[in-house]
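The values are calculated or read from the model by the stated rules, or taken from the named source; none is laboratory data. Given the structure is predicted, the values throughout are model-derived calculations rather than measurements. Every residue, glycine as well, gets a Cβ built from its backbone with ideal geometry; the counts of neighbours run over all protein chains shown. The area values use the complete protein model at the heavy-atom level, side chains included, leaving out ligands, DNA and RNA. Shrake-Rupley method; radii C 1.70, N 1.55, O 1.52, S 1.80 Å.
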Amino acid sequence: MITVDEKKMEWHQGITIRELLNRLEHTQFCAAVRLNGKLISTPAFETTKIPDNAVIYLLPLIAGG
Amino acid sequence: MAEFTLKEIKSLEYVRPEIEKGYTDHSLHVDLSSKDIKINPIEPKVKEKFIGGKGYDLWFMWNSVSGKTKWNDPENAICIASGPLGGTPGYPGGGKSIVTTISPLTGIPIDSNVGGYFGPYTKFSGFDILEITGKSDAQIVVLIDGIDSKIKLYEAEGLTDDSYTLSTQLTDYFDKEKPVNISVVSTGSAAKHTELGCLNFTWFDAKRKRVRYKQAGRGGIGTVFAHKNVKAVVARWGSVSMKSNNPADFDAMKNVTKLHAGEINELDPKQNRMALVGTTHLVPIMNDHDCLPVNNFKYGMHPEAHNIGEAVYEHIFDKGFDGCWRGCAVACAHGVKDFVPFTGPYKGQKVFVDGPEYETVAGCGSNLGVFDPFFILEMNFYCDTYGLDTISIGTGIAFVMECFEMGLITKEHTGGMDLSFGNRLNALELLHQMVRGEGFGMIVGKGIRKMKAIFAKDFGADAAIMQDIGMESKGLEFSEYMTKESLAQQGGYGMALKGPQHDEAWLIFLDMVHNFMPTFENKAEALHWFPMFRTWFGLCGLCKLPWNDIVPEDNRQNPEPAKVVKHVGWYADFFSSVTGRKVSPDDLIPMSEAVYNFQRLFNLKMGYGTREFDTLPYRAVGPVTVDEYLSRVERYDKDLTENYKVDITGMEITEKVAVLRKHREARYEQLKDAVYKRRGWTPNGIPTLETVKRLGIDFPDVIELLKANGVC
Ligand code: SF4
């Protein structure tokens, strides 16, 4: 089980950030997430595997300074 | 601390205009040449059209300067205004000041949106805007004392040039018992030797018992301030409450304040955590997307970038509330205590550093090829203390370093200094030279545009290559984002009224990462809506960060999440509740449009403001050099073959660089056409007669200006 934006979701071995986003709605503007407190950006979505019990927040559209 | 004297030379007692629905409807004018102090009513039609803040600044400046006025002419004005909503405690970002003047770097109006308490305190003291003109022989301190209803001018002697110490001394001097009543505007000692001077605006941090700073950084406003011989402008005001603006509908204002602040308190910890890390979260994100400027914007990422990002600064920042306006829930104005510089006059002493923000980290760190968080703190500290803009300093020194590495300048020109990328000590030495008024630092302090001319004329450097790598447009140094892969952001910088600062439009991710605006028309629409909406914050005395750096949880379900429409609705409610002027979200853009177009016309009045000035150095558009091309060879080859349908078989890299350049530059010109059309401008980038009439800014002198430029 993982927690995504404070909602529980099923977890499976090897799931990546990209797969997770594909399972969710309205994520086309997500360019960064916080995975267990660490920032992960788009270029690493395919390769970053989510561990079990992870806590994930989807960051809002990056808006610049 | 050194002894100083303030000799009162002028005092004016006044009846404090009451605040009504966010406005005092009065202006304060100080002429430093004649020492005249004037308080004038502001006409309703000015309020109706220019709203406040930057709108008021531009209108007052327009009436003070002629098209021939230079930055160092006495008639050049420094205007500082908050806005009708400015000074609302608890509303996130609800207390900004907007500063304008004719910039020494650009020759056109520069505007800067800054925190600290000065703008609200000046308004509560009775004035929607302060305008300073003239030039004094002696150093002057201006006091706006809203508690005692007095405006005073003092001749100052013995006051330090060091901005931190100066602000502390004057805060103590004018209200030792209640330092929170004081806000000081000052610059530092390098402002008079350079054209990159900033203004420091203070607020008193009651918990830390110290004066804190925010900067009106861009465009050399501090240089104008120093040239006028103003040592400081001080505002003194007492208690502030949600009723201070005397809002039209208090309950509605309280309600929308609660909604916005409540949302930020709940969501910031889950989103960008700005209350903990400020804007340093952007460093790793920009780096991951190849958008963090490295080595003078040559590259967009570096393996050591994470050393200067949020993960490090979170542990360096002093913990505690860091709102640069009272009760701002974002509270992102962090600082570092007990930092010990390793160079300069503060070497070995413990100091407090206000910052760094993303721009300073990228400008004075990665862009100089330095990934040391403590070096960045030292650059930040000395820039503030000396009154220098960290963005122009970072981008300017990055240019110098690339020129040095290319052999365009040598140790012979730099006074023996090795200015290769990564040379921390010599970068700092340039700042110290600027304050001492000596050495190569004096040339660097003139900004990139003038450096290019000096390097070419006096050092024989190749002007063409410097044109390509010198990251300035309209004379202003770029802020710290890479734009090579975002045509929309190239427009966001190249067509920004004051020069390449991202506060008009920040479209990199929408464009480059999300491909949300594939056509020229889409981009033009974005380059209309975003600059107009962002302008609105400057009219009202607000900070833009709470608009789109923390967003509602359901925002991503909106088809246009970048606009954060729920917040736009709140801003309309906020405006209506304070001013009593009922507006809907759709009304906000036309409000800004009038001021935005007026600023464009102001540029025209000053001899600029046409298509030829909306240009970019090629470094902002594509790879200048062969090694730059090779560093992203797949990307550029793909661009040539897929987007421009070029057969690259057998092409040398130099040829590829040239062909890509031809296409990308043509594409930028096409974008200009689309944007000008969308904004209601001629193909030469001038607002049409129809546009100025529609916006109600068809004043007789505007019509004359259009006629003189062949528009009607
Ligand atoms: S969001 Fe940050 S910069 Fe803006 S007013 Fe609040 S503390 Fe200041």
If each DSSP helix of 4+ residues adds -39,500 (n - 2.57) and the sum is divided by the residues in chain B, what number results at 222 nm, nearest 500 deg cm²/dmol?
-12000 deg cm²/dmol
Which part of the stretch B:314-346 falls in the paramagnetic zone of B:Thr165, meaning amide N under 11 Å from the point 7 Å along Cα-to-beta-carbon?
B:345-346
At 7 Å along Cα-to-Cβ for each site, give me the label-to-label distance between B:Met406 and B:His663 in nm.
2.4 nm
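Past the 41 angstrom mark, what percentage of all C-alpha to C-alpha distances in the protein assembly as shown do you count?
On the way: 82161 of 301476 pairs.
In whole percent, the share of Cα-Cα pairs in the protein assembly as shown beyond 41 Å is 27.
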Over chain B, relative contact order from alpha-carbon pairs under 8 Å, at least 6 apart, %
14 percent
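Tell me the Kirkwood radius of chain B: reciprocal of the mean inverse pair distance over distinct alpha-carbon atoms, in Å.
Numbers: mean 1/r = 0.0392 Å⁻¹.
Radius from the Kirkwood sum: 25.5 Å.
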For the pairs B:Lys207/B:Lys337; B:Lys54/B:Lys544; B:Lys49/B:Lys566; B:Lys231/B:Lys347; B:Lys123/B:Lys192; B:Lys192/B:Lys411, note any where the Cα-Cα span goes beyond 23 Å.
B:Lys49/B:Lys566; B:Lys231/B:Lys347; B:Lys123/B:Lys192; B:Lys192/B:Lys411
Can you give the extra length, in nm with one decimal, that the chain gains between B:Asp647 and B:Phe4 once fully stretched, where that is 0.36 nm per residue apart less the Cα-Cα distance?
224.2 nm
Potential extension, B:Glu634-B:Lys693 segment - 0.36 nm per residue separation minus Cα distance
16.3 nm
Under 21 Å from B:Lys645, Cα to Cα: lysines that are on another chain or at least 8 residues apart:
B:Lys484, B:Lys656, B:Lys662
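DSSP loop trypsin sites (Lys or Arg not before Pro) in the stretch B:28-134 with at most 11 other Cβ atoms within 10 Å of their Cβ, which ones? Could you put the intermediate results ahead of the total?
Details: sites: B:Lys35, B:Lys38, B:Lys45, B:Lys47, B:Lys49, B:Lys54, B:Lys68, B:Lys70, B:Lys96, B:Lys123; in loops: B:Lys35, B:Lys68, B:Lys70, B:Lys96.
In loop regions of the stretch B:28-134 (DSSP not H, G, I, E or B), the sparsely surrounded trypsin sites (Lys or Arg not before Pro) are B:Lys68.
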Only residues of the stretch B:625-640 count here: report those whose backbone N is under 18 Å from the spot 7 Å along Cα→Cβ of B:Ile465, or say none.
B:625-631
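Before rounding to the nearest 500, sum -39500 (n - 2.57) across all DSSP H runs of length at least 4 in chain A and divide by the residue total; then give [θ] at 222 nm in deg cm²/dmol. Before the final figure, lay out the partial values.
Numbers: 1 runs with 7 residues, N = 65.
The per-residue figure over chain A is -2500 deg cm²/dmol.
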Cα→Cβ-extended label distance, 7 Å offset, between B:Asp554 and B:Asp73, nm:
5.6 nm
Hey, which of these cross-link pairs are over 27 Å Cα-Cα: B:Lys677/B:Lys707; B:Lys96/B:Lys176; B:Lys228/B:Lys605?
none
With r as the distance between the Cβ atoms of B:Lys45 and B:Ser11 and R0 = 35 Å, compute the FRET efficiency 1/(1 + (r/R0)^6) and round to 0.05.
0.60
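Provide the three semi-axes, in whole Å and in decreasing order, of the ellipsoid equivalent to the stretch B:5-236 as defined by the square roots of 5 times the Cα gyration tensor eigenvalues. Don't skip to the answer; put the middle values down first.
Details: eigenvalues 99, 94, 61 Å².
They are 22, 22, 17 Å, listed largest first.
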For Cα pairs less than 8 Å apart in space and 6+ apart in sequence, what is the mean separation divided by the residue count of the stretch B:262-477, i.e. the relative contact order in percent?
16 percent
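Any idea of the accessible area per residue across the protein assembly as shown, 1.4 Å probe, to the nearest Å²? Numbers along the way, then the final one.
Details: 26570 Å² over 777 residues.
Per-residue value: 34 Å².
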Integer Hz, Karplus 6.51/-1.76/1.60 couplings in order for the stretch B:502-514, x for Gly and Pro
7, 6, 7, 8, 10, 10, 4, 6, 4, 7, 7, 7, 9
